[in-house]
Amino acid sequence: MKIRCHANSIRLRVRKSDVEILENNGAVREEILFGPGQALVFELCMEERPAITASLEGNLVKICMPQQLALSWIQSETVGLEHHQALPNGEALHLLIEKDFPCKHQPMEDKSDTFQELA
């Protein structure tokens with residue numbers, strides 16, 4: 001899973017293997033290690049809920065998708081899901097979950113675990 005955070009926005013790009021784990025286990029995680037006992041964890045999960053949501057619990061950034069929406073997305077050719085989560089201060093947190101495709105500007109990148117564009 002590739003993670004990009006910028007200005008009230010979180011973008012997750014999930015590889016084929018991540019999607020398979022998500023479908024089979026209901027969640028997939030990525031950890032960023034800082035040292036012994038220190039990690040920032042991102043989890044993408046499917047749960048019964050009305051909308052895509054994000055929360056911060058200690059060192060865990062948890063982004064959950066409604067289960068039916070997630071399964072439809074997984075089994076389709078749809079590339080991404082997007083949601084703007086309202087914040088108490090009137091702003092919004094932009095959430096974008098996308099299937100990972102090969103980068104065109106990195107021809108030497110390992111493309112074996114990415115989705116392929118349709119011609």
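Quick notes on this one:
- Percent of Cα-Cα distances greater than 17 Å, calculated over segment 2-99: 50 percent
- Rounded to 5, percent antiparallel among DSSP beta bridges of segment 2-99: 65 percent
Bear in mind these aren't lab numbers, they're just calculated from the coordinates by the rules spelled out. This one's a predicted model, so the numbers in the text were calculated from it and none came from an experiment.
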